[in-house]
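Visitor: The structure follows.
The values are calculated or read from the model by the stated rules, or taken from the named source; none is laboratory data. These figures come from a predicted structure and were not determined experimentally. Here the Cβ is made from the backbone with ideal geometry for all residues, glycine too, and neighbour counts use every protein chain on show. Surface accessibility is based on the protein's heavy atoms, side chains included, excluding ligands, DNA and RNA. Shrake-Rupley method; radii C 1.70, N 1.55, O 1.52, S 1.80 Å.
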Amino acid sequence: METKSFLKFIFIIAVCTISLKFAHAQQVWPSYPIAPVLFTSVHINDDFWAPRIRKNHEVTIPIAIQKSRETGRIKNFMIAGKVEKGSFCSLYPFDDSDIYKIIEGASFSLQTFSDPNLSLTLDTLIYYIGLAQEPDGYLYTNRTIDSTHMHEWVGKKRWEKDPALSHELYNLGHLYEAAVAHWQATGKRSLLDIAIKSANLVYNDFIGKQLPYYPGHQVIEMGLVKLYGVTGEKKYLELAQYMLDIRHGGEEYNQAQTPVVAQDKIVGHAVRATYMYSGMADVAAITGNQAYNDALGKIWDDLLKTKYYVTGGIGSGGDNEGFGEPYYLPNMLAYCETCASIGNVYWNYRMFLLHGESKYMDVLERSLYNALLSGVSLSGDHFFYPNVLESRGQHERSEWFGCACCPSNVCRFIPSIPGYIYAHDKSAIYLNLYIQTKADIDFNGSKTQIIQTTDYPWNGKISVTINPSEIKEFPVALRIPGWASGQVVPSDLYHFLPDANPPFTIAVNGVPAKYILKNGYAVINNSWETGDKIELNLPMPVKRVAANPLVVADRDKVALQRGPIVYCLEWPDNKDGHVLSLILDSTAKLNTSFNPQLLNGVEIITGKGDVAISTAKGNQTTVKQDFTAIPYYAWANRGSGEMQVWMASKASAAHPLHKPTLAGKSKISGSATGKALASVNDQEIPSSSSDHDILYYHWWPETNCIEWIQYDFDAKTLVSESSVYWFDDGPSGGCRIPQSWRILYKSGDKWIPVKVAGNYTISKDELNTIKFKAVTAKALRLEVTLPPAFSSGIYEWIVK
Ligand SMILES: [Zn+2]
């Protein structure tokens with residue numbers, strides 16, 4: 001069909017669709033003891049979130065659609081639907097899910113912004129999805145396009161490889177969530193009907209035939225519960241529980257090592273984990289499944305006690321994109337996938353709805369304002385997949401990723417933020433997040449309007465006006481954030497150092513309020529009438545955070561937090577771009593000020609620290625230096641360079657500045673390009689050839705060939721010695737010490753081998769030094785012959 005006539009056709013369909021708008025909106029969260037106030041009833045009008053939600057609508061969602069078009073993600077549906085010819089044209093079989101996530105996000109966004117063009121684009125995408133669905137409801141473009149040439153992850157039979165990597169059920173989970181969001185936003189059943197047809201097939205296949213294939217990447221559980229919520233069809237709930245209960249006999253990687261009710265530790269892939277726990281909470285809320293609740297409680301405790309980053313990020317390792325050993329929380333190698341932070345918000349919100357305790361909202365708030373928000377640039381068009389806590393300049397945001405789960409997750413998460421602010425149970429209204437808003441809450445048989453005025457997160461003064469439709473007595477529960485009552489996290493993983501901790505205050509209509517503290521909330525029971533005003537003041541001094549000494553990476557280090565915001569030092573704000581050498585002792589005075597010009601307006605922390613410098617004799621000295629810290633979420637918006645969240649509190653934990661060396665002053669180039677080139681002359685000597693805390697340069701995946709790296713000097717220079725420290729990551733890795741190496745110098749246009757005294761050594765775990773007959777050269781080259789079946793790498797190359 002021609003695009004123009006197709007759009008016309010879609011438009012007619014759009015106009016004719018019967019509107020069921022919001023008819024069953026509340027049922028998306030079925031049967032939780034506490035009900036969220038849906039984001040459709042909450043209007044954010046602040047300077048922090050409102051511009052981000054607008055940017056998500058105007059920049060992020062259009063980019064995601066454009067990139068999906070460019071990368072073949074949309075075309076896959078068109079080919080499967082036989083309106084285009086060709087073979088599967090994107091990288092992964094789970095790429096279908098990005099389209100669903102974008103539709104979900106765009107649907108949410110359409111409830112805030114009127115945008116007929118976007119609405120029409122969704123109709124078009126949904127039309128293609130409908131065409132791609134097989135007659136019996138099966139929907140998975142990779143198989144439908146050509147079942148004889150599928151991706152290697154896909155089984156010959158439907159579903160059979162889902163426990164591994166086919167992602168058939170994963171795609172569908174996102175489809176169901178998108179379908180519910182689209183129906184809620186537009187009242188159109190187009191995508192909902194596709195989802196129902198699919199879910200009926202999955203039900204008949206799995207429950208009808210008792211298929212044993214558990215979802216390899218969880219999310220369908222959450223999607224099915226939403227589908228149950230809006231349709232009232234119990235079989236979708238039954239199917240969600242089935243998908244959870246068939247997990248066993250598999251790997252920790254996707255939480256299938258034991259039945260879910262026997263799990264008590266947080267392990268494996270972090271996104272899969274949080275999605276699964278969210279699904280368990282959903283099912284437990286409806287069925288009252290105590291075994292699920294018990295397991296979730298234990299797993300949550302394990303996360304908070306041993307595996308939670310101070311930024312709220314989760315997942316310490318890239319190998320499994322997930323959790324490592326207890327207390328293993330490396331900073332430069334942190335994974336903290338953006339999707340995992342989003343999943344952590346989903347999970348913790350459900351834990352709050354189940355239990356009504358503020359500690360879950362504390363975790364949600366920490367993840368939201370720090371690790372999650374770091375995942376998208378201020379401009380809305382660049383993204384982080386991992387969100388590290390330390391950088392030497394090797395990290396940069398990307399426009400998009402081959403695996404694009406994170407940007408499409410940002411698309412759908414940002415517009416839903418207003419839905420996390422308020423909640424209510426049968427008797428009380430909860431204020432969970434402090435964000436300037438106007439909300440209309442249908443509660444306890446009448447309507448209550450709540451107007452929140454605040455500059456949070458920069459200021460802890462919050463004014464809440466309560467306008468009930470009639471004079472009414474009910475409790476208002478104000479969350480007292482953990483950070484305001486001296487608790488970093490509800491465990492001993494982190495603690496605030498003993499800085500001043502002024503108490504919070506609450507007044508009602510100008511008079512100190514009577515309240516009780518319950519589950520982390522200040523609960524005010526009052527007979528409310530229109531115009532009543534609560535004033536909550538949460539003082540926001542800068543606080544120093546220290547980690548449990550079992551966290552090796554944070555030993556003798558300190559982080560800064562103010563309100564919910566965790567800070568970092570970044571290169572553009574600090575002298576000569578160096579921050580890793582800074583020492584912040586416990587007596588340093590810390591000042592704050594708001595800079596409206598910087599990074600869209602941020603509160604900065606300034607003070608005086610000490611800079612560690614190594615001396616010629618190998619000792620260290622320090623000099624005083626001003627420093628500026630910015631909110632962590634705002635880093636990497638001004639180019640790449642040094643950044644760190646955890647600053648040294650003792651000289652021994654700092655990376656000292658070095659005196660410039662010949663290598664340090666040279667221009668580096670190599671046969672493999674990349675930022676890691678800068679690591680070879682940074683004067684950081686590793687503790688061994690497999691030290692993963694020190695940056696290295698490598699030629700992987702090249703093997704069995706000659707590669708090189710080169711220093712170009714400013715002027716002709718006399719050189720007579722070279723030392724190199726090889727990277728070798730052992731049996732688990734792809735790099736080994738090289739087969740051979742040699743040094744060449746540049747004479748005219750020619751490279752001439754130097755005349756060495758002795759032999760070139762090739763040893764692990766030490767510097768390999770060779771002296772040679774002095775030459776005067778403009779450039780020196782290190783030439784490496786890679787082993788036959790492995791690559792090689794270098795930590796440091798020193799020349800004298
Ligand atoms: Zn992701």
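Visitor: When the Debye formula is applied to the Cα atoms of segment 719-778, each taken as the same point scatterer, what base-10 log of I(q)/I(0) results at q = 0.15, 0.30 Å⁻¹?
Guide: Here the Debye-derived log intensity ratios amount to -0.53, -1.25.
Visitor: For the pair Q449/S652, report the inter-label distance in nm, with labels modelled 7 Å from Cα in the Cβ direction.
Guide: It works out to 6.2 nm between the two label points.
Visitor: Then there is this: So between K157 and D585, what do we pick up on full extension, going 0.36 nm a residue minus the alpha carbon distance?
Guide: Stretched out fully, the K157 to D585 stretch lengthens by 147.9 nm.
Visitor: Follow-up question, since we're still on this one. Using the alpha-carbon atoms, what tilt in degrees (0 to 90, nearest 10) does helix 61-70 show relative to the longest principal axis of the chain?
Guide: Tilt of helix 61-70: around 60 degrees.
Visitor: I've got another one for you. On the protein heavy atoms, probe 1.4 angstrom, tell me the percent of accessible surface of segment 220-301 carried by carbon and sulfur.
Guide: That fraction is 46 percent.
Visitor: Pull up the cross-link candidates among the lysines for K226, meaning alpha carbon to alpha carbon under 21 Å and not fewer than 8 places away within one chain.
Guide: Cross-link targets: K21, K101, K188, K197, K234, K235.
Visitor: Angle, helix 338-355 long axis vs. longest principal axis of the chain, Cα atoms, 0 to 90°, nearest 10?
Guide: Approximately 40 degrees, to the nearest ten.
Visitor: Given Cβ point charges of +1 (Lys, Arg) and -1 (Asp, Glu) and nothing else, what value in debye, to the nearest 20, does the dipole of the chain about its Cα centre take? Present the calculation step by step, with values, prior to reporting the outcome.
Guide: Details: 74 positive and 81 negative charges, 230 e Å.
Dipole size: approximately 1100 debye.
Visitor: Kindly identify segment 320-380 as rounded, prolate or oblate by the Cα gyration tensor criterion: order the square roots of the eigenvalues as a ≥ b ≥ c, call it rounded if a/c is under 1.5, otherwise compare a/b with b/c, prolate if a/b is larger, else oblate.
Guide: Here segment 320-380 falls in the oblate category.
Visitor: Per residue of the chain, what 222 nm ellipticity follows from adding -39500 (n - 2.57) for every DSSP H run with n ≥ 4, rounded to the nearest 500?
Guide: Helices in the chain give a 222 nm mean residue ellipticity of -8000 deg cm²/dmol.
Visitor: Another question about this same structure. Multiply the residue gap between S398 and N637 by 0.36 nm, knock off their C-alpha separation, and tell me the result in nm, one decimal place.
Guide: Working: separation 239, 0.36 × 239 = 86.04 nm, distance 1.12 nm.
Once the chain is fully extended between S398 and N637, it gains 84.9 nm.
Visitor: Related question: Once R0 is set to 30 Å, what does the formula 1/(1 + (r/R0)^6) return for the Cβ-Cβ distance between E84 and V59, expressed as a FRET efficiency to the nearest 0.05?
Guide: 0.60
Visitor: Something else now. Got a sec? Which residues in segment 38-54 would a label at D442 touch, if it sits 7 Å along Cα→Cβ and we count backbone N under 11 Å?
Guide: Under cut-off, by backbone N: 38, 41.
Visitor: How charged is the neighbourhood of G229? Take every other residue with its Cβ under 12 Å from the Cβ of G229, and add Lys/Arg as +1 and Asp/Glu as -1.
Guide: -1
Visitor: Multiply the residue gap between I685 and S485 by 0.36 nm, knock off their C-alpha separation, and tell me the result in nm, one decimal place.
Guide: Once the chain is fully extended between I685 and S485, it gains 67.8 nm.
Visitor: Let me check against my output: what whole-number percent is the relative contact order of the chain, with C-alpha pairs under 8 Å and at least 6 apart?
Guide: 10
Visitor: Could you provide, to the nearest whole Å², the per residue accessible area of the chain with probe 1.4 Å?
Guide: Values: 30560 Å² over 800 residues.
The answer is 38 Å² per residue.
Visitor: Treat each spin label as a single point 7 Å out from the Cα along the C-beta direction, and report the A500 to S669 distance in nm.
Guide: 5.7
Visitor: If you take the beta carbon distance between N619 and D264 as r and set R0 to 45 Å, what does 1/(1 + (r/R0)^6) give as a FRET efficiency, to the nearest 0.05?
Guide: On the way: r = 49 Å, r/R0 = 1.08.
After rounding to 0.05, the efficiency reads 0.40.
Visitor: How high is the FRET efficiency between N509 and S469 when r is their beta carbon distance and R₀ equals 22 Å, given to the nearest 0.05?
Guide: Working: r = 19 Å, r/R0 = 0.87.
E between N509 and S469, to the nearest 0.05, is 0.70.
Visitor: Which percent of the accessible area of segment 368-427 is formed by carbon and sulfur heavy atoms (probe 1.4 angstrom)?
Guide: 52
Visitor: For I207, project a label point 7 Å along Cα to C-beta. Then give me every residue of segment 239-273 with its amide nitrogen under 17 Å of that point.
Guide: Output list for this probe position: 239-247.
Visitor: On a 0 to 90 degree scale, rounded to 10, what angle separates helix 270-287 from the longest Cα axis of the chain?
Guide: Approximately 20 degrees, to the nearest 10.
Visitor: Enter the Cα centre distance for the pair segment 711-745 and segment 199-220, rounded to the nearest angstrom.
Guide: Comparing the Cα centres of segment 711-745 and segment 199-220, I get a distance of 54 Å.
Visitor: Further, regarding this structure: Run the quick spin-label model on K778 and L131: label points 7 Å from Cα toward the beta carbon, then report their separation in nm to one decimal.
Guide: About 6.0 nm separates the two model spin labels.
Visitor: Let me ask you something else. With no solvent and one point on each alpha carbon, what is the Debye value of log10 I(q)/I(0) for the chain at q = 0.05 Å⁻¹?
Guide: The computed values of log10 I(q)/I(0) come out as -0.29.
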